[in-house]
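*Asks:* Here it is, the structure, as structure tokens.
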Amino acid sequence: MDSGMIGKIQKAKQYAQERNRFHIDTLKVNINGENNTHTAKLEDGKWQCDCDYFKGHSICTHTMALEELLKGMLVLAE
Ligand SMILES: [Zn+2]
């Protein structure tokens with residue numbers, strides 16, 4: 001491996017520790033729930049999820065779990 005690549009890997013590891021560098025505004029995630037798999041999306045800073053609970057509440061276990069996972073990296077519209 002050339003020294004340039006080694007430097008890139010080190011920098012990538014450093015960046016991965018610095019969550020505030022990342023600003024996620026679009027995302028699609030399949031989540032394996034206890035009964036079904038659900039698909040949650042982030043588009044233009046707004047969540048969508050195909051589960052029933054989300055339809056009535058605009059928030060659900062899946063979007064809340066993603067917010068917890070991606071804390072500090074999401075660009076959410078309010
Ligand atoms: Zn959901």
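*Asks:* Taking amide H atoms as placed 1.01 Å from N in the peptide plane, list the residues 5 or more away in sequence, or in a different chain, whose amide H sits under 5 Å from that of K46.
*Replies:* Result for K46 returns A77.
*Asks:* Let me ask something else. Apply the Karplus parameterisation 6.51 cos²θ - 1.76 cosθ + 1.60, with θ equal to phi minus 60°, to every residue of segment 11-22 and state each ³J(HN,Hα) to the nearest whole Hz, in sequence, with x for glycine and proline.
*Replies:* 3J(HN,Hα) across segment 11-22, in whole Hz: 5, 4, 5, 5, 4, 5, 8, 10, 4, 5, 6, 9.
*Asks:* Please report, in whole Å³, the volume per residue of the convex hull around the C-alpha atoms of segment 11-54.
*Replies:* Numbers: hull volume 4.6 nm³, N = 44.
Per residue, the Cα convex hull of segment 11-54 comes to 105 Å³.
*Asks:* So what is the diffusion coefficient of the chain in µm² per second by Stokes-Einstein at 25 °C and 0.890 mPa s, using a Kirkwood Rh over Cα pairs?
*Replies:* Numbers: Rh = 14.3 Å.
In µm²/s, the coefficient is 172.
*Asks:* Percent relative contact order of the chain, based on C-alpha pairs within less than 8 angstrom and at least six residues apart? Before the final figure, lay out the partial values.
*Replies:* On the way: 86 pairs, mean separation 21.0, N = 78.
The value is 27 percent.
*Asks:* Taking only protein heavy atoms and a 1.4 Å probe, what accessible area per residue, in Å², does the chain have with all protein chains in place?
*Replies:* On the way: 6170 Å² over 78 residues.
With all protein chains present, the chain gives 79 Å² per residue.
*Asks:* Separate question: What is the magnitude of the charge dipole of segment 1-66 about its Cα centre, with +1 placed on the Cβ of each Lys and Arg, -1 on the Cβ of each Asp and Glu, and no other charges, expressed in debye to the nearest 20? If you can, show how the numbers build up before the last one.
*Replies:* Numbers: 9 positive and 8 negative charges, 62 e Å.
Charge dipole of segment 1-66: 300 debye, to the nearest 20.
*Asks:* Name the residue farthest towards the positive end of the dipole of the chain from the options C51, N35, V75, assuming +1 on Cβ of Lys and Arg, -1 on Cβ of Asp and Glu, about the Cα centre.
*Replies:* V75
*Asks:* Considering only K13, K28, K55, give the residue with the highest GNM mean-square fluctuation for the chain, with springs between Cα atoms whenever their separation is below 10 Å.
*Replies:* Checking each option, the largest mean-square fluctuation is seen for K13.
The values are calculated or read from the model by the stated rules, or taken from the named source; none is laboratory data. The structure presented is a predicted model; accordingly, all values stated were derived computationally and were not measured. FYI the Cβ positions are ideal-geometry reconstructions off the backbone, even for glycines, and counts take in every protein chain you see. Accessible surface is based on the protein model in full, side chains and every heavy atom, while ligands, DNA and RNA are left aside. Shrake-Rupley method; radii C 1.70, N 1.55, O 1.52, S 1.80 Å.
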